[in-house]
Every structure is written in structure tokens, then in C-alpha cells.
């Protein structure tokens, strides 16, 4: 938990808005004070603890700042003057880095049996890195788990706790055992990227060239739905209505989330996102997606009816997210994973 502190000048500064009230280093945050407490000609300055934030733009009442690199536990100061501290505070939550020097390209995933987190070091297409799967324990210990899958992309656990991983290189879904054995489960799935299970245990795999496959319990796949090809990957999540929700960035800056019903018919659930990638639902049916909204990048929260959206966590280069068993939101950039204690839980397991 971080705290925003305002300098005391002639009057007590009143914080009107911090948007969003959570973020990771490099994320863009808007800070506003009320007109009665701002001072003309003195642009706002911001501190996160004792570290000054980079100011992207500022007036006497409003500043757009970047969250700096922070150690665990700090306070934020925002002031129109560098002298003195008033002690007036407002909360801000920033991410704690769990792992760096990795390369996720989709959501990380929590093992439902022990709460450990799995992330990838996917590498460039065709690159065989020595370790491509890492395990982060519930105590934040990082373990090199496997290097047997080239270009691992999507990770998902089925309702029995078995782990599956897609490879966008060979179009295969692999099953990975707790003993680190890697077994082919389904193949010939194009450029296999996104991976998700519905409540009936059916597997869905996204081939970013334009197809969604449904895979049964013995690994037999059928073409189930089609959509526009993606420039990077399809990302999949099953909603509380058991529909399949899919993102797939295109060259457009106004992309949509597509909802597929049980028969594979697609409709637009929400439109207006830039480069939408990993997505996940919380227990209340809100949908969270790594994307840009109105020119700002972060984790976007979309209401269950798809009628409204806002930036919920500020961050750049975000590719995915997951909810931990203890209510933390884990967000993945293209090189690191952060945890934010937001008290949000994923859907209950059947």
C-alpha cells in the first residue's frame, strides 16, 4: 500500500482524483487537486515515497506522471512546491515484482492445487531458450521448471488440476505433469496461442491465423469458430455465462472483445480497446483485460454487461493477468511479473 502526500502551502491541498489508484513502475497515473487549493503558475510535482515521479505533463491542478521503480513499502508525495510536507495523504497501491528477465506473451496461471504461479520465457519465434517455464511458489521462490517446450504461449489448468501449455511454434498443446514431464495432448492447431477451459471441462485453443478449436478429453480437436486473424495472439477466457471471450490484436487501434456462445456464434462484447491481450474474470463477473483505453495502457476493467470500462491498474507493455488464491492481482509485462494486493478473487472452482 502506498500513500500520496501533499505539500502544505497556504491552504490544505484537497486530492480530487487519482486515476487509476493502482499501478506498476512505468504506468501513467493522473493526479488532480481541487481548484481552490491549486496555485496558478506552479505545476504539480509528484513523489512516490522519496522518489520523484517523471512528469509527462502538468498544470497547477493536474499532472500526468509515471510510477517510478520502488522498493516494497513506500509513500507517494505530490506537491506544487518542493518545500515542506503537510502529511495529507491518499492511498495508492503499486506492484511488487515477483520475477524479472522472463518473457510472457499471455496470461500467467495459478496452480489450483498449491497456489504456485507459472510464467513463461517464450522467446522469439523458433528460439529454444534453456528454461521456458518458471514456477513461482506461494512463498515467492522462483524455480526453473522446464525447457522442453519451445515458444510456450498459453497456460491453463483444467478442473482436475492438470496443467496444459500451448506452443505457437508447432501448433501443439502439451500436458505438463508435476514431475515436469511434457506430453503431447493435441496437435495440428495452427499457430496455437490462447487456451481456456469451460465448466464442462472442454478445452478451447486459439489459432491466431483465424480459428478457435474445441478439444475433447482425449485430445481430438474440431474447428469450432472463426474470427479475424491476429498480429500477435488470441487470448481466451470463459465467462460466468460459460461463453468464450476472445481478444486478438489487429492493426486497428479500436479492437473488440468477441463473445462466442455455446454454438460458436460470435458477437462483439466490448469495442474500443487498443491491442487487447490477456483477459480474466473476477468472482463478480467483471472482465479485466491488458489493453489500451482512450490512449492509456493498463489493466482495463469492463462491467459484466459490457456497458462501461475504466483503467483499473496503470502499466506499460502488459500482456496478461491472473487472480491469486489470496486476492492479489498478478499482472505480466513482456519481461516481468508483478503482484498487487487488491482483494479481488477469480471465479470459484466447481
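Where a number appears in this text, it was derived from the coordinates with a stated rule and is not lab data. Everything quoted here is computed from the prediction, not taken from an experiment. Positions of Cβ are backbone-derived with ideal geometry, glycine not excepted, and every protein chain shown enters the neighbour counts.
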So for 16, 144, fewest C-beta neighbours within 10 Å to most, what's the order?
-> 144, 16
State, to one decimal in nm, how far the label point of residue 326 lies from the label point of residue 294, with both points 7 Å from Cα in the Cβ direction.
-> 3.5
What is the extension gain from residue 177 to residue 62, computed as 0.36 nm multiplied by their sequence separation minus the C-alpha to C-alpha distance, in nm to one decimal?
-> 36.2 nm
Once both labels are modelled 7 Å past Cα along the beta-carbon direction, what's the residue 231-residue 283 spacing in nm?
-> 3.9
Enclosed volume per residue, in Å³, of the convex hull spanned by Cα atoms of the chain = 129
Calculate the spin-label point distance for residue 101 paired with residue 143, positioning each point 7 Å from the Cα along the beta-carbon direction, and give it in nanometres.
-> 2.0
